[in-house]
Amino acid sequence: MAPAVPAPHATRPPFGARPARSELPRATRDPAWARWALTGAALAFLAFFLVLPLVVVFAQAFSKGGAYFLAAIREPDALAAIRLTLLTVAIAAAWAIAKFRFPGKSLLTTLIDLPFAVSPVISGLVYVLVFGAQGWLGPWLIAHNIRIIFAVPGIVLATAFVTFPFVARELIPLMQAQGTDEEYSAVTLGANGWQTFWRVTLPNIRWGLFYGVILCNARAMGEFGAVSVVSGHIRGETNTMPLHVEILYNEYNIAGAFAVASLLALLAIATLVIKSIVEWRQTRTA
Amino acid sequence: MTRARSSRSILPGFGLSLGFTLAYLGLIVLVPLSAAFLRTAGMSWHDFVAAVASPRVIAAYRLSFGASLAAGFVNMVFGLIVAWVLVRYSFPGKRIVDALVDLPFALPTAVAGIALTSLYSPNGWIGRWLAPLGIRVAFTWTGVFIALTFIGLPFVVRTVQPVLQELEPEIEEAASTLGANRRQTVIRILLPELLPSLLTGFALAFARALGEYGSVVFISGNMPMKTEIVPLLIITKLEQYDYRGATAIAVVMLVSSFVLLLLINLLQKWSRRFHTI
């Protein structure tokens, strides 16, 4: 299930659950030329738009040799960026995990989807409007010497805004598909609320939750637009990995930029691999 | 299998979870968003119009909306083909291709931005071949369009794919037994069935493309009046400490996002009605 797409059909059967298409009668089969043409067009489109950009990241990263690659990612600024990004991730993920049980009301779902529809730049801007020097809480924050914008808390808040829907979006269809029978049974057998939750609900959703958190991590580490508005680009202090990519790139340190970018790309690939594994496991348990 | 959690009264924890969700939603999402609207409410109408309708801003709207529409349209066509191929045909490596479709979700936008730029710049892998033909991609409208196509790619595929999977082959068989040829079956039976999800996917890709920043700023070249997208204009105004101007443009973009979101919800209601028949 695509995470960012409001799922209209919550019960899409996982891959492998459907019968093999070759067993279908001829009425639903396309002529061979159409099959080849469509498959070719689809693969060419994907190769052109997806594979090529991915390949170029790694090719450029290694173009100046592995040593440079290592030097670039060991640079103290980059390390500080990684540490800060991981901090963001930990906090954002903790926030996300804590709120996994959503009653699926239609207005609420719309509101949860809101950050998807809002430009990341605007997500950053609204936090500047609330916490910035000119903002609602700005004077109070300055008086009490609390820094939010151009500091770590601002980055965490903006990232939380942007990644807000991910875990929820992953879990709502899953929990809807599973229904409430097992929870009812648990309650009937005398379990209290927390017991029901820990022993029945949580084991049922653990793979979806796991994937949601991984995806949330990937988005949090990669968030660029919102973070670039609230961070203030202070090197070694409020500089996440994507911002570091931008700085290196604008300094014409292309190989360095791609070295850091390839780390983020590896993270993206790992996310996709985990997603495939999770889907495969859900198919097997279904 | 689709069973809504209708009566939850026996299960405990409803008040707790709903209350927590609403509090979190309010603090993280709704209060900051309302700040943008309240800030703009303090501006006079004249200032507001001057901020959101200056020639430079209008050029940016034209670029953002035009390129997003074009990218959404290309994604609608190719997304349908990709979804069709993934659901109906089998070929070696299909699962890998299927996983790869989500790449634009997972890949940080800045990474996508520099990768696309180095592919299409005049000395890049693709740009090198286009340059002698007089075609410039990076730092032009085409570059913006390509970046927006990249980030919108998964939306149509992932909305059409589940609908296509749940479509029963019996419908097509019925059409066939009633004498329809394959072309008629596709145009009269399949396409109308897929239309709501196609439009939903298009609207999602369009909405995402409108707000996209990271993957576009590198490839667009950011020339005022020519290749400056709206989100970049907001950042430019912020860097000049023109908070009011930035907020006013942000409100225009927010309103268009809300309209799109409303449209997407209506489309999904429509498609759900289609499916319960």
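The values are calculated or read from the model by the stated rules, or taken from the named source; none is laboratory data. Bear in mind the structure is a predicted one, so any value in this text is a computation, not a measurement. For neighbour counting, all protein chains shown are included, and Cβ atoms are generated from backbone atoms with ideal geometry for every residue, glycine included.
Applying a threshold of 8 Å to beta carbon distances and a minimum spacing of six or more residues, or different chains, the list of pairs starting in the range B:103-115 at a residue that is without any contact (Cβ under 8 Å) to a residue 24 or more places away in the chain and more than 7 Å from every other protein chain (Cβ to nearest Cβ) and ending at one that is of a type outside the set (Val, Ile, Thr) and in a helix (DSSP H, G or I) is empty.
Going residue by residue through the range B:120-138, is there one that turns out to be in contact (Cβ under 8 Å) with a residue 40 or more places away in the chain and touching a Lys or Arg at 6+ places or on another chain (Cβ under 7 Å)? No, the range B:120-138 contains no residue that is in contact (Cβ under 8 Å) with a residue 40 or more places away in the chain and touching a Lys or Arg at 6+ places or on another chain (Cβ under 7 Å).
Does B:Gly127 satisfy the criteria of being surrounded by fewer than 23 Cβ atoms within 10 Å (Cβ to Cβ), at positive phi and at pLDDT below 90?
Details: surrounded by fewer than 23 Cβ atoms within 10 Å (Cβ to Cβ): yes; at positive phi: no; at pLDDT below 90: yes.
So B:Gly127 does not fit the description; no.
Does B:Ala246 fit the bill of being closer than 23 Å to A:Leu129 by Cα and buried (at least 24 other Cβ atoms within 10 Å of the Cβ)? Judged against the criteria, B:Ala246 is a match.
Is there a residue in the range A:168-182 that is at pLDDT below 75, over 29 Å from B:Ala41 (Cβ atoms) and of a type in the set (Lys, Arg)? Full working, then the answer.
From the range A:168-182, those at pLDDT below 75 are A:168-180; that's our starting set.
Checking which are over 29 Å from B:Ala41 (Cβ atoms) leaves us with A:168-180.
Among the residues that remain, those that are also of a type in the set (Lys, Arg) are: A:169.
Yes: the range A:168-182 contains one or more residues that are at pLDDT below 75, over 29 Å from B:Ala41 (Cβ atoms) and of a type in the set (Lys, Arg).
Does the range A:241-256 include one or more residues that are of a type in the set (S, T, N, Q), at the interface with another protein chain (Cβ under 10 Å from one of its Cβ atoms) and touching a helix residue (DSSP H, G or I) at 6+ places or on another chain (Cβ under 7 Å)? For the range A:241-256, residues of a type in the set (S, T, N, Q), at the interface with another protein chain (Cβ under 10 Å from one of its Cβ atoms) and touching a helix residue (DSSP H, G or I) at 6+ places or on another chain (Cβ under 7 Å): absent. Restricting B:Thr185, B:Thr227, B:Thr236 to residues that are crowded, with 17+ Cβ neighbours inside 10 Å, of a type outside the set (A, V, I, L, M) and either under 20 Å from B:Phe155 (Cβ atoms) or touching a residue at least 60 places away in the same chain (Cβ under 8 Å) (or both) narrows the list to B:Thr227. Given the structure, is B:Leu103 surrounded by 23 or more Cβ atoms within 10 Å (Cβ to Cβ) and in contact with an Asp or Glu (Cβ under 7 Å, 6 or more places away or on another chain)? Judged against the criteria, B:Leu103 is not a match.
Of B:Glu212, B:Glu170, all but one fail to be in contact (Cβ under 8 Å) with a residue 24 or more places away in the chain and of a type in the set (Asp, Glu); the exception is B:Glu212.
Is it true that some residue in the range B:215-223 is hydroxyl-bearing (Ser, Thr, Tyr), within 22 Å of A:Gly222 (Cα to Cα), under 20 Å from the mean Cα position of the chain (by Cα) and more than 10 Å from chain A (Cβ to nearest Cβ)? Break it down into steps so the answer makes sense when it comes.
Here is the first cut: in the range B:215-223, the residues hydroxyl-bearing (Ser, Thr, Tyr) are B:215, B:220.
Next, only the ones that are within 22 Å of A:Gly222 (Cα to Cα) stay: B:215, B:220.
From what is left, the residues that are under 20 Å from the mean Cα position of the chain (by Cα) are B:215, B:220.
Checking the rest, the ones that are also more than 10 Å from chain A (Cβ to nearest Cβ) come to B:220.
Yes, the range B:215-223 contains at least one residue that is hydroxyl-bearing (Ser, Thr, Tyr), within 22 Å of A:Gly222 (Cα to Cα), under 20 Å from the mean Cα position of the chain (by Cα) and more than 10 Å from chain A (Cβ to nearest Cβ).
How many of the residues in the range B:39-55 are within 10 Å of chain A (Cβ to nearest Cβ) and either over 10 Å from B:Thr247 (Cα atoms) or loosely packed, with under 14 Cβ neighbours inside 10 Å (or both)? Count: 0. Taking every residue in the range A:262-277 that is within 7 Å of chain B (Cβ to nearest Cβ) and in contact (Cβ under 8 Å) with a residue 24 or more places away in the chain and pairing it with any residue that is assigned to a helix (DSSP H, G or I) and of a type in the set (S, T, N, Q), at least 6 positions away or on another chain, the pairs with Cβ-Cβ distances below 9 Å are A:Thr271/A:Asn217.
Each row is one residue, and each column tells you yes or no for (1) at the interface with chain A (Cβ under 7 Å from one of its Cβ atoms); (2) over 24 Å from the mean Cα position of the chain (by Cα); (3) under 30 Å from A:Ala255 (Cβ atoms).
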position	(1), (2), (3)
B:Leu25	yes, no, no
B:Arg62	no, no, no
B:Leu69	no, no, no
B:Tyr89	yes, yes, no
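Reported count of residues in the range B:149-163, each being more than 11 Å from B:Leu198 (Cβ to Cβ) and either outside any helix (DSSP H, G or I) or facing chain A (nearest Cβ under 7 Å) (or both), is 6. Against the definition (surrounded by 18 or more Cβ atoms within 10 Å (Cβ to Cβ), more than 8 Å from chain A (Cβ to nearest Cβ) and within 29 Å of B:Gly143 (Cβ to Cβ)), how does B:Val85 come out, yes or no? Here the answer is no, as B:Val85 does not meet what is asked. Screening A:Ala268 on (1) over 16 Å from B:Phe105 (Cα atoms); (2) in contact with a Leu (Cβ under 7 Å, 6 or more places away or on another chain); (3) surrounded by 23 or more Cβ atoms within 10 Å (Cβ to Cβ) shows it passes everything except condition (1). Checked against (1) free of Cβ contacts under 8 Å to residues at least 12 places away in the same chain; (2) more than 29 Å from A:Phe116 (Cβ to Cβ); (3) hydroxyl-bearing (Ser, Thr, Tyr), A:Thr196 meets all criteria but (1). Restricting attention to the range A:112-152, the residues being within 12 Å of chain B (Cβ to nearest Cβ), of a type outside the set (Val, Ile, Thr) and assigned to a helix (DSSP H, G or I) number 13. Listed by first and then second residue, the pairs linking a residue in the range B:254-272 that is closer than 15 Å to B:Pro196 by Cβ to a residue that is among the β-branched types (Val, Ile, Thr), with Cβ atoms under 8 Å apart and 6 or more places separating them unless they lie on different chains, are B:Ile264/B:Thr200; B:Asn265/A:Thr110; B:Leu267/B:Thr200; B:Gln268/B:Thr200; B:Ser271/B:Val163; B:Ser271/B:Thr200.
Comparison of B:Ala110, B:Ala115 shows that the only residue that is closer than 20 Å to B:Val137 by Cβ and in contact with an Asp or Glu (Cβ under 7 Å, 6 or more places away or on another chain) is B:Ala110.
Just for the range A:195-240: of the residues that are of a type in the set (Phe, Trp, Tyr) and modelled with pLDDT of 75 or more, which one is farthest from A:Leu157 (Cα to Cα)? First the steps, then the outcome.
Residues of the range A:195-240 that are of a type in the set (Phe, Trp, Tyr), as a first pass: A:197-198, A:207, A:210-211, A:224.
With the extra rule that they be modelled with pLDDT of 75 or more, the set shrinks to A:198, A:207, A:210-211, A:224.
Numbers: A:Trp198: 29, A:Trp207: 26, A:Phe210: 22, A:Tyr211: 22, A:Phe224: 13 Å.
If we take residues in the range A:195-240 being of a type in the set (Phe, Trp, Tyr) and modelled with pLDDT of 75 or more, then A:Trp198 is farthest from A:Leu157 (Cα to Cα).
Considering only the range B:125-141, state which residues are touching a Phe, Trp or Tyr at 6+ places or on another chain (Cβ under 8 Å) and more than 9 Å from every other protein chain (Cβ to nearest Cβ). B:Gly127, B:Leu130, B:Val137, B:Ala138 - these are the residues of the range B:125-141 that are touching a Phe, Trp or Tyr at 6+ places or on another chain (Cβ under 8 Å) and more than 9 Å from every other protein chain (Cβ to nearest Cβ).
Considering the conditions (1) over 26 Å from the mean Cα position of the chain (by Cα); (2) surrounded by fewer than 20 Cβ atoms within 10 Å (Cβ to Cβ), B:Val77 is excluded by exactly one of them, (1).
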